[in-house]
Structures are given as structure tokens and as C-alpha cells.
Amino acid sequence: MQPLQLIVIGGGAAGFMGAITAAETNPGASVILLEKNKTLLNKVRISGGGRCNVTNAVATVPELVKGYPRGAKFLRPLFEIFNNQHTVEWFERRGVALKTEPDGRMFPVTNTSDTIVDCLMKTALKAGVQIRTSAGVSQLKPGGAGIEVVLQSGEILHADRVLVTSGGHPQLNGYAWLAELGVGIVEPVPSLFTFNVPVLPFKDLMGVSVSGVGVKLAGSKLAETGPLLFTHWGVSGPAVLKLSAWGARELSDKNYQFVSLINFTNKKPNEILQQLTDFQRDSGWRAKFVPTQAPFGLPQRLWKQLVELANIPDTMRWADVPAKNMNRLVEHLTNFQLDVRGKTTFKEEFVTCGGVALTDVHPKTLESRRVPGLYFAGEVLDIDGITGGYNFQAAWTTAYVAGSQLGIPVEQVSLA
């Protein structure tokens, strides 16, 4: 009897987790991992500035699902099977210890993504996974006896079951080879990007970070809070990235031309006005020059420019600030308008909103409802998370569940 032939398409985080799980769950099976590029695990290598943000340390599954603008409901039961705690244990059992940073992101204690890459490579080889690079897939041909996998080279491989972990694609045509099978595809748009502000009202603040900033989309309910970072092209940081994720489709519809409202204090205007008015009355503050000491935990360089934009001269003391200038300063502190004109990819990473429609995938097994024996995991699915390890966690989870199911024939559920 021929051994079970299992093929995994895509040599990224989900591909390796899926292939390893399939091989370990089915010791007698032949598991082949195909990667179209010459190199493997490319996104793992660059993630987290080359340190690899493996997952997030949130304590519970309900907290974990809050990190997914799309796919949270789908992921919830899967996290009961394999969540962030399981991810930590999985790597620790294979000799990789992870550490938690103050913001909840988890990295290998070595501070290098090479540790994660080496672990996945060694574990896959130990499990007997056959790895082939420069092996792009051009077509899948389902049949009664399985699925034929047609490579771009013309070579044809037979598989009893196929797991697709080919990642997200910025263009709809990147999913054409799946769409021709009848698989539903949600049109992709970018998620997790920074804001381009060609006319930035601030000077020489590149690299300056402000904590606890509120960022809103004008005319919308979209709002996020967190650190904001000034860049040479505009603004970035967790607050901006989270807003870009939750607003991925809305911002795409606006062609990335919109007004972002920045609250540098994350407090209400009347609270700020009261505090600034108190400075005018306080004996310890009233005689001081306004630009000299930055309140609200703001960086001094940013404070000085906000004061200048409020038309308050360097030589003015708190006691002498006119009401109209004070009101203007409050407005700049709590409702600063930035005209966003475009986006920039976050570092070298990209995340897409869209992909294989979750309604076309069996929620317990990750098997296609359209094509028996075809499974999906990772970013190829219409699942995406905010920054902080959430996208990798979705990859580990969906790939682990799908990989554990590859050797088990399951009854197909129709799309009634």
C-alpha cells in the first residue's frame, strides 16, 4: 500500500508548522513542502526587525481574539486547540526559549530570527519533511484519487491531500490558481501600513516617539491608542498600524487620501485646558517660559513646536498667554490634523486583508468546502491581525490544526 502523499505549498511560517505537524501526526506519510523561491521562511527572517515577533503574551483566548480585525470569530474555537501558550510550549520543547517585552510581544531570548528559522528547519528535517525550493505551483487538478499538483516547471506531483500556505498577495490575480477551482476569494487590500504626510507641520522629529497617543480617522468611528512615531515620510508606530489594520478597507476606499486627527495627550480638550489654566495660576509655573518644560510626558522637541504653532513666542511666560493662544494650543494637543496622502509598507513586511473566503473553509478542519482534500492555513486565508505577533499566531494556529487533519478523511460540509 502506497504511503499517504501530503503536499504543503508555501515555505513560510504556516507551511513549516503545517508540514511538521502533518509529518509528526502521520509518521508513515510522505510529506513534501514546496517553496517557489530559492530561500525559505523569508518573512520569519525579517519580522520584528530581524528578531521575529513569534506571538503575543496576552493571558486569555478572549484577549487574543481582540487582535484580529478579520477572522476573530473563525479563530476563536481554533485557539482552544492551539493558542499563544501552546506556541510558547511548542518552541520550548524544541529548545527555543521566548521572552516577553513590556508591550506583550514575544521574541526568542537570543534576539535573532535565525533561532526560529533553525528550529523550524531542523524540526522539519527530523520529522522527515522533504523540502523543495524553486518549486512554484501553477495549477491544482483535483480528481477522484486525490489532487495533481502541477509545478511551473511542468512537473506533476500526486497528492492525497494538499495544504496551501502560500501567504497573502497584494493583487487579486495572485489567487487566480485557487479561484479557478471555485474557491471564493475576498479581494485583497493592504493592512498594517504607515501614513504618508507629504506636508508634515513638524520639523526634524524623525525618530521621536510619543506614548499614549490617540489617532482617529476624521469623519469615522475608527480610533486607536498607543505609541506614535514620527518618520521622514509621516507617522508610524503601533497606534497608526492598528488603525490601518482595523480600517484597511475603509482607507483603501478612500485611496489613502484622508485626514487623521491626533490627540497627543489622549485626554479631552476641557481636561487639557483646565490643566494649562492651572499652570497660569500656579506659583511654580506662572513665571516660567512656556516652551521650557514639556507637560503631559511629551518629548521636549515636539512640545516646543506645538507651542510655536500656537503662536506663543519663546519669551512668553505662562501667566501671560492670551486665551486665544491657549485655545489654539489645546486644539493642537488634542485634535491635530494631519493630511494623509498615501501609505508606506511597515518596514519590509506586508500584511493583506483578504484572501480565501472563510465561508469556503470548514471551520474545524481548515479543509475547503469546495475541493475535498484541499486545506488552507496562514495568511492565504482572509484573516489578519494587528501588529504585535498576532499574524504569526494565526499562522501557527491554523497550520497546526490543518496539519493535524491532513491524514484524516473528513466528511465534506456543503455550502447550503
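The values are calculated or read from the model by the stated rules, or taken from the named source; none is laboratory data. What you see is a predicted model, and the numbers here were worked out from it, not measured in a lab. Heads up, the Cβs are rebuilt from the backbone with ideal geometry, glycines too, and the neighbour counts pull from every protein chain shown.
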### Query
Would it be correct to say that E379 is out of contact with any strand residue (DSSP E or B) (no Cβ under 6 Å at 6 or more places or on another chain), crowded, with 22+ Cβ neighbours inside 10 Å and either assigned to a loop (DSSP other than H, G, I, E, B) or of a type outside the set (A, V, I, L, M, F, W, C) (or both)?
yes
### Query
Being over 30 Å from T398 (Cα atoms) and buried (at least 16 other Cβ atoms within 10 Å of the Cβ), is that true of even one residue in the range 345-368?
no
### Query
On the given criteria, is K141 over 26 Å from T25 (Cα atoms), among the charged types (D, E, K, R), without any contact (Cβ under 8 Å) to a residue 40 or more places away in the chain and not in a helix (DSSP H, G or I)?
no
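Return the total of residues in the range 146-179 being out of contact with any strand residue (DSSP E or B) (no Cβ under 8 Å at 6 or more places or on another chain) and farther than 30 Å from G247 by Cβ. Outline the logic, then answer.
Here is the first cut: in the range 146-179, the residues out of contact with any strand residue (DSSP E or B) (no Cβ under 8 Å at 6 or more places or on another chain) are 153-155, 167, 173, 176.
From what's left, farther than 30 Å from G247 by Cβ: 153-155.
Adding up the residues that qualify gives 3.
Hey, can you tell me all the residues within the range 353-376 that are assigned to a loop (DSSP other than H, G, I, E, B) and over 22 Å from the mean Cα position of the chain (by Cα)? I'd like the intermediate steps shown before the answer.
Start the filter on the range 353-376 by keeping residues that are assigned to a loop (DSSP other than H, G, I, E, B), which leaves 357, 362-366, 369-373.
Across the range 353-376, the qualifying residues are H362, K364, T365, R369, R370, V371, P372, G373.
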### Query
In the range 275-295, what residues are basic (K, R) and either part of a loop (DSSP other than H, G, I, E, B) or more than 13 Å from V321 (Cβ to Cβ) (or both)?
R286, K288
### Query
Of the numbered conditions (1) under 22 Å from I9 (Cα atoms); (2) touching a Leu at 6+ places or on another chain (Cβ under 8 Å); (3) of a type in the set (S, T, N, Q), T39 satisfies every one except a single condition; which is it?
(2)
### Query
Does A239 count as among the hydrophobic types (A, V, I, L, M, F, W, C), outside the structural domain of V31 (by TED's automatic domain parsing) and at pLDDT 95 or above?
yes
### Task
Kindly state which strands (runs of 3 or more DSSP E) lie completely within the range 168-274 and contain at least 3 residues that are on the phi < 0 side of the Ramachandran plot.
185-191, 193-196, 209-217, 223-230, 257-263
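Please determine, by comparing only the residues of the range 16-31 that are assigned to a helix (DSSP H, G or I) and either out of contact with any helix residue (DSSP H, G or I) (no Cβ under 7 Å at 6 or more places or on another chain) or not assigned by TED's automatic domain parsing to the domain that holds A394 (or both), which one is nearest to V164 (Cα to Cα).
A23
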### Query
Which of (1) over 26 Å from H169 (Cβ atoms); (2) surrounded by fewer than 24 Cβ atoms within 10 Å (Cβ to Cβ); (3) over 16 Å from the mean Cα position of the chain (by Cα); (4) at pLDDT 95 or above is the odd one out, the single condition V58 does not satisfy?
(3)
### Query
Mind checking which residues of the range 195-223 are among the charged types (D, E, K, R) and closer than 18 Å to L251 by Cβ?
K216, K221
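Could you grab me the full set of residues in the range 151-165 that are without any contact (Cβ under 8 Å) to a residue 60 or more places away in the chain and under 16 Å from N37 (Cα atoms)?
So in the range 151-165, the residues without any contact (Cβ under 8 Å) to a residue 60 or more places away in the chain come out as 153-156.
If the condition is that a residue be without any contact (Cβ under 8 Å) to a residue 60 or more places away in the chain and under 16 Å from N37 (Cα atoms), then S153 is the only one that fits.
Please go through the range 123-138 and give me each residue that is of a type outside the set (S, T, Y) and touching a residue at least 12 places away in the same chain (Cβ under 8 Å), ordered by number. Explain how you work it out, then say what you get.
Pass one, the range 123-138, residues of a type outside the set (S, T, Y): 124-132, 135-137.
A124, A127, G128, V129, Q130, I131, R132, A135, G136, V137 - these are the residues of the range 123-138 that are of a type outside the set (S, T, Y) and touching a residue at least 12 places away in the same chain (Cβ under 8 Å).
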### Message
I need every pair where a residue in the range 98-117 that is crowded, with 21+ Cβ neighbours inside 10 Å has its Cβ under 6 Å from the Cβ of a residue that is hydroxyl-bearing (S, T, Y) and not in a helix (DSSP H, G or I), sequence separation at least 6 or different chains.
### Response
M106/T55; M106/T100
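Name the residues in the range 275-317 that are touching a residue at least 40 places away in the same chain (Cβ under 8 Å), surrounded by 14 or more Cβ atoms within 10 Å (Cβ to Cβ) and not β-branched (V, I, T), would you?
Going residue by residue through the range 275-317, those that are touching a residue at least 40 places away in the same chain (Cβ under 8 Å) are 276-277, 280, 297-299, 301-302, 305-306, 309.
Next, only the ones that are surrounded by 14 or more Cβ atoms within 10 Å (Cβ to Cβ) stay: 276-277, 280, 298-299, 301-302, 305-306, 309.
L276, Q280, L298, P299, R301, L302, Q305, L306, L309 - these are the residues of the range 275-317 that are touching a residue at least 40 places away in the same chain (Cβ under 8 Å), surrounded by 14 or more Cβ atoms within 10 Å (Cβ to Cβ) and not β-branched (V, I, T).
Here's the yes/no breakdown for (1) over 26 Å from A29 (Cβ atoms); (2) modelled with pLDDT of 95 or more; (3) among the β-branched types (V, I, T):
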residue: W303; (1), (2), (3): yes, yes, no
residue: L306; (1), (2), (3): yes, yes, no
residue: A323; (1), (2), (3): yes, yes, no
residue: R328; (1), (2), (3): yes, yes, no
residue: T334; (1), (2), (3): yes, yes, yes
residue: E348; (1), (2), (3): yes, no, no
residue: S368; (1), (2), (3): no, yes, no
residue: S404; (1), (2), (3): no, yes, no
residue: I408; (1), (2), (3): no, no, yes
